[in-house]
Amino acid sequence: MDGESRDLMDLLHPLKLPYIVAIRSNHSVLMPQDQRVRYNRWRAYDPPLAQPPNQRRYIREMIFGKRRTVRSYQITKGSTDRVHPTFTHRKSA
């Protein structure tokens, strides 16, 4: 990640708090040609701050090449059949 999100993550990381940074779906990740993107299976979860509180969402991890400290997730509100590659970066606790 480069640009504004990298600057924000560099400020948050030393605080050693869990954080989530949403990345726009039209952003990309540069990887070496010999690496690939892997997607774990979808899992249902209920976001802690959702209104109404029982608003079900779906999440899966996206792994760009190899798993790193900062992980990338894809999140959707509805069907997981045709989800665009919108992703979120989350620091593992």
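Every number here is computed from the coordinates shown, using simple stated rules; none is lab data. Everything numeric here is computed off the predicted structure, so don't read it as measured data. Using ideal geometry, Cβ is built from the backbone for each residue, glycine included, and neighbour counts are taken over all protein chains shown.
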Residues 76, 69 arranged by fewest to most Cβ contacts within 10 Å: 69, 76
Cα centroid separation, segment 27-71 to segment 4-21 (Å): 17
In Hz, Karplus ³J(HN,Hα) per residue of segment 65-71 (6.51, -1.76, 1.60; θ = phi - 60°; x = Gly, Pro): x, 10, 5, 10, 4, 8, 9
